[in-house]
Amino acid sequence: MSTTHTKDHAAHGHDEHGPAKGILRWLTTTNHKDIGSMYLVFSLVMFLVGGTMALIIRAELFMPGMQLVDPGFFNTLTTVHALVMVFGAVMPATVGLANWMIPLQIGAPDMALPRMNNFSFWLLVSAFTLLILSLFVPGGGPSAGWTLYPPLVLQTGDALPLAIFAIHLAGASSIMGSINIIVTIMNLRAPGMSLLKMPLFVWTWLITAYLLIAVMPVFAGAVTMLLTDHFFHTTFFAASGGGDPVLYAHIFWFFGHPEVYIMILPAFGIVSEIIPTFSRKPLFGYDAMVYATASIAFLSFIVWGHHMFTVGLPLAGEMFFMMSTMLIAVPTGVKVFNWTATMWRGSLSFEPPMLFALAFLFLFTIGGFSGLMMAIAPVDFQYHNTYFIVAHFHYVLVPGAVFAIMGGVYYWLPKWTGHMYDMKLAKWHFWLSTIFVNVLFFPQHFLGLAGMPRRIPDYSTQFTDWNMVSSIGGFAFGLSQLLFVYLVWKCVKGGARASAEVWEAHPKGLEWTVPSPAPYHTFAEAPLVK
Amino acid sequence: MKKMVKHALAAGAALTVLASAPALAGWTDVNLRQGVTEISREIYSLHMLTLWICVAIAVAVFSVMIYSIATFRKSKGAVPATFDHNTKAEILWTVIPVFILVAMAIPAAKTLVKIDDSRGSELTIKATGYQWKWQYEYVDQGISFFSSLARSSDEARELRSGIDPNSVENYLLDVDHPMVVPVGKKIRVLVTAADVMHAWWVPDFAIKKDAIPGYINELWFRAEKVGVYRGQCTQLCGRDHGFMPIVVVVKPQAEYEAWIAEQKKARQAAAPSAAGVARLTAPNDHHDETTLRVANAE
């Protein structure tokens, strides 16, 4: 068995196989576990940075009138909050989990392209250094919204090239990460692990990686055109020179819609690992889950117009995008039904990973419903660019993607550190997060329906009550996350020893056959999968 | 587990208290309005239809989830089954949603066709978005003016102005010169922008269209009730995006005509002194109209 091999291997004590010492270990590492950890820590830092921006936003919106920030800086906050959370927190977190878990789950010794893996990570750090720097240059940070729509974005000061280069670097990092993941999955699976035997997390990441490779270059192209419009007098997006601002919106959302699935598909994968384990029952409809994921990925390429129902699409275009968008409900529904059927007649226990997966199941579904409502084009004329959409995408991204990521961390943390974490604290973190995420985002549905536009720093007085509730929820949710930081830190430092299996629910999968903490090198010889 | 339930109950109670207090003001604070046009009412009923379908599905799905969580617990000695698929169920829950979606799509498509049909309009107004105000041009009447945030709101919205927004009437939703239209008439609005993208939205008419430099978008409404209807720019357009509201005053035909006459008179009075710039309230109008050169009218 693999376990014995790894143990033997470690017993030899080859120096060159252990981690280097000090800072160099982290700068030069090509080890998937080190790189995975760095991605996860980076993501957590960005989550706190982006969260702090969100709290300033919520503080300004606590009551009508301008109390704290200039409206221009408010726009910078909403813009950079989104960029940081999307490209700095959620995506790197799933990449970190992929780095840690894909080799362990498919019985590979490491990622297929370890040096490129290191490069991907440090490029990402450079990207965010640039983006954060852009806040301090003349003209202020980028403030045209994360969609960077021209002509507005061309009014940005010196921050524009910094932000665009940041996006280029982050994009290059994502593309390299995706290539690495695809090559690893395609070539380094243990003997006997056919594609349809792969864990769902591996499957969802395989599909996500293809999405990334397909759309990141498109986005890079769009922002490059912004750059030449700004500095080299091209007029790709300027009507005065025969260009077209709507073209940018089309290109952006051709990237942007798959991008939202890039954030949610790995989350689906994590939840598909956790629910069967703590239901003590195999995942219901494994094949259907794989096909549903692939269908969602395919559909993501033909629905971008639903972000643009108000730009003046022709009638036929609105019809097409309305109906293709509604279709997404079918494979997404299949997934939700399958998770539910997995729990049906299972034997459930409620450890922290399961709690987060369950919250995901309920709250992501709510986000799915509001998504379906917005697919209805004529009604979307009322919802578009109001707080209703803000509520929708925060539901799918926070109690959706972020909760799944946290569930994943709670699931695998003992495997990484070799220590059990403080269960009681984890449950506190869960309940506080779950309650306050709803206090934070549910009232935003009401605000949107009542007519409050998004991206405004101040509002008419009839919106006061729900904004106050939302802000209170925001601060409580934000502060609750400090528990998580403390818990993870404590678990890294020490705690009760975790067994190889970690959970008494006997989780399935190769990652549970190696000891906890997972040795620096695992699966030097491939395990055999029946 | 007992502890968890206790936590949940406490949390639920807190949430109910939090949630119920501001909700007393009535449904209009938490739901879409019906509005004052045929289209807006259709959109409202589409919204309610979809909402109730979602609620029904949610009740069904969440019940099964909650039942599973409550019943199949290891702590209650539940023994796990071993099944991992059920072809019949899987076909059912793939096919049934398709039918539900079709049922939703048909009325939605009908409304969409109606919204698209701007033929037979009785008055055309061009709305141009600027950073950060609107310009309204009554194409056939030769009337044109700018519409900016009302002064009372503008003073109160300054950073730490010391003015309580609650003391300002229609805070942030009031303008100096509203658009005026006759009741019961089909009004066509041509929407465009002179600098960056904006969007023109009046919730009571259930219409929203982006105002895009180089494009002329079209929308229409037929207000059935006299009144003042307020909306806002809904496309991020820079620093003062939140401060360029839209106000439409719907008047009886006679009052509308009187307003038109008054505007024309004022314009004539202003014309000689304004050296050819035939605008009522545009002292700082330095924008170049040629941005519309490549206008792409559909």
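Suppose every Lys and Arg Cβ carries +1 and every Asp and Glu Cβ carries -1, with no other charges. What dipole size does region B:146-201 come out with about its Cα centre, to the nearest 20 debye?
Details: 6 positive and 8 negative charges, 90 e Å.
The dipole magnitude comes to about 440 debye.
Listed from fewest to most Cβ neighbours within 10 Å, the set B:GLU38, B:GLU90, B:GLU158 follows the order B:GLU158, B:GLU38, B:GLU90. Suppose every Lys and Arg Cβ carries +1 and every Asp and Glu Cβ carries -1, with no other charges. What dipole size does region B:26-116 come out with about its Cα centre, to the nearest 20 debye? Using Cβ point charges on Lys, Arg, Asp and Glu, region B:26-116 gives about 340 debye.
In peptide A:151-163, what is the residue-averaged number of other protein chain Cβ atoms found within 10 Å of each Cβ? Could the numbers behind the result be given before it?
Values: counts 10, 10, 2, 1, 6, 0, 0, 0, 0, 0, 0, 0, 0.
Going residue by residue through A:151-163 and averaging, the value is 2.
Grab the Cα-Cα distance for A:SER499 and A:SER194, subtract it from 0.36 nm times how many residues apart they are, and report the gain in nm with one decimal.
Additional length available on full extension: 107.0 nm.
Sorting B:LYS265, A:LYS508, B:LYS208 from the fewest to the most surrounding beta carbons within 10 angstrom yields B:LYS265, A:LYS508, B:LYS208. Label-to-label distance for B:ALA81 and B:VAL139 is 6.4 nm, based on points extended 7 Å past Cα in the beta-carbon direction. Compute the FRET efficiency between B:VAL95 and B:ASP117 as 1/(1 + (r/R0)^6), taking r as their Cβ-Cβ distance and R0 = 25 Å, and round to the nearest 0.05. So the FRET efficiency works out to roughly 0.15. Simple spin-label estimate for A:LEU27 and B:SER63 gives 6.3 nm between the two label positions (7 Å along the Cα-to-Cβ direction from each Cα). Whole Å is fine, so just give me how far the alpha carbon centre of region A:240-254 lies from that of region A:393-467. Cα centroid of region A:240-254 versus Cα centroid of region A:393-467: 34 Å apart.
Computed about its Cα centre, the charge dipole of chain A is approximately 1180 debye, with only Lys, Arg, Asp and Glu carrying charge at their Cβ. Here the protein assembly as shown has an Rg and Dmax of 28.0, 99 Å, counting Cα atoms alone.
With respect to the cross-link table entries A:LYS508/B:LYS76; A:LYS197/A:LYS427; A:LYS335/B:LYS209; B:LYS114/B:LYS185; A:LYS424/B:LYS74; B:LYS110/B:LYS186, which display a Cα-Cα separation exceeding 27 Å?
Details: A:LYS508/B:LYS76 23 Å; A:LYS197/A:LYS427 33 Å; A:LYS335/B:LYS209 35 Å; B:LYS114/B:LYS185 16 Å; A:LYS424/B:LYS74 19 Å; B:LYS110/B:LYS186 19 Å.
Long pairs (Cα-Cα over 27 Å): A:LYS197/A:LYS427; A:LYS335/B:LYS209.
Taking neighbour counts of Cβ atoms within 10 Å as a proxy for exposure, in what order, fewest first, do B:ASP174, B:ASP140 appear?
On the way: B:ASP174 20, B:ASP140 9.
By the 10 Å Cβ count, ascending, the order reads B:ASP140, B:ASP174.
We did not get these values from a lab; they are worked out from the coordinates using the rules stated. Predicted model only: the values in this text are computed from it and were never measured. Cβ sites come from the backbone with ideal geometry, for glycine too, and all protein chains shown count toward neighbours.
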